[in-house]
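I have placed the structure first, in the form of structure tokens, so that the comments after it can refer back to it.
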Amino acid sequence: KMAEEFVRITNDQGAFFPAAGRNGASKYHLGSNSGFQHEKLIYILTGMGRVPSSSSYVTAAIATSGVDFEDVANGWTSSIDTTYNFGHHWSSSVNDSLWVHDKTAFQWSYGGYMHPDLAGDTGDAWEYYGMDENEAMGFLTSIPNFASWVLGLGGDIAATFTRSSILCQATFNLYKDHGSVLHSNEDYYGGYFGWQQWPWVATVGDIAVWTQSGTVTTEWGHANGQNCNNHLPKVFQDGNVALIIYFPNPAIGLYS
């Protein structure tokens, strides 16, 4: 299934530049040394794109696997114009049978750290596991009495910064015509704080084109790895045309 998704968005030059829920600037140019090298996977699946000069752990896994990827390779098409849904809603009952803190771990895995409707579970798990000393949570431990805050009004007050961390039930638009691709995450928390979401990208040959809000560094690949947009754009795509509107929620002004 994952290989099919790679091939679906790949153009006829073997370039794969998708809208995505968790990504960074280093993934949007070929030959990246700092991230996953998608062109190697595309080449071994389809034979398209640049000939790799070395292997990767993913291509090695495929080459030694007993899985038949022939249908994936044969499923590539040069032209697509479609809208499709991906993932379940964050409030789905899929995890309801789990122990409460196991359920919270799964909520975190799809970005539900401080979503207002999941804040209670986060606060409970925070106290249960004693996460005040966890270095990975340093950006949260700077908030005095974080667990009590998130269990109270904190989740709602900070909704502009927390709702958009959710990574499920997305609607994608995809237009592909040989070497040109336009891919977008439709109307996904426009105006809210952007985490690592990459809400839209156009592919022209083997070049990726996109926009960002907030500070953009002059050095390639040095952008903030946790925040690709100070605020996400409202994205509406119809075929090969997309409307990208940056209009931040008022609370964004609190972020510097």
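Can you give me the solvent accessible area of D71 with a 1.4 Å probe, rounded to the nearest 10 Å²?
120
With all protein chains present, calculate the accessible area of I244 using a 1.4 Å probe and round the result to the nearest 10 Å².
The value for I244 is about 50 Å².
Using a 1.4 angstrom probe on the protein heavy atoms only, could you order E186, E5 from most to least accessible area?
Values: E186 70, E5 30 Å².
Solvent-accessible surface, decreasing: E186, E5.
Report the accessible area of T215, computed with a 1.4 Å probe over the heavy atoms of all protein chains in place, in Å² rounded to the nearest 10.
Here the residue's solvent-accessible area equals roughly 130 Å².
Taking the solvent-accessible surface of protein heavy atoms with a 1.4 Å probe, what is the per residue accessible area of region 1-135 in Å²? Provide the component values of the computation, followed by the final result.
Working: 7400 Å² over 135 residues.
I get 55 Å² per residue for this part.
Filter K1/K234; K40/K176; K40/K103 down to the pairs with a C-alpha to C-alpha distance above 30 Å, please. Display every interim value, and only then the final one.
Values: K1/K234 28 Å; K40/K176 21 Å; K40/K103 36 Å.
Where the Cα-Cα span goes over 30 Å, the pairs concerned are K40/K103.
Leaving ligands, DNA and RNA out of it, report the carbon-plus-sulfur percent of the accessible area of region 56-109 at a 1.4 Å probe. Mind showing how you got there, number by number?
Details: 1970 of 3580 Å².
Of all accessible area on region 56-109, carbon and sulfur atoms account for 55 percent.
The values are calculated or read from the model by the stated rules, or taken from the named source; none is laboratory data. Owing to the predicted nature of the structure, the values given are computational and were not obtained by experimental measurement. Just the protein is used for accessible areas: all its heavy atoms, side chains included, with ligands, DNA and RNA removed. Shrake-Rupley method; radii C 1.70, N 1.55, O 1.52, S 1.80 Å.
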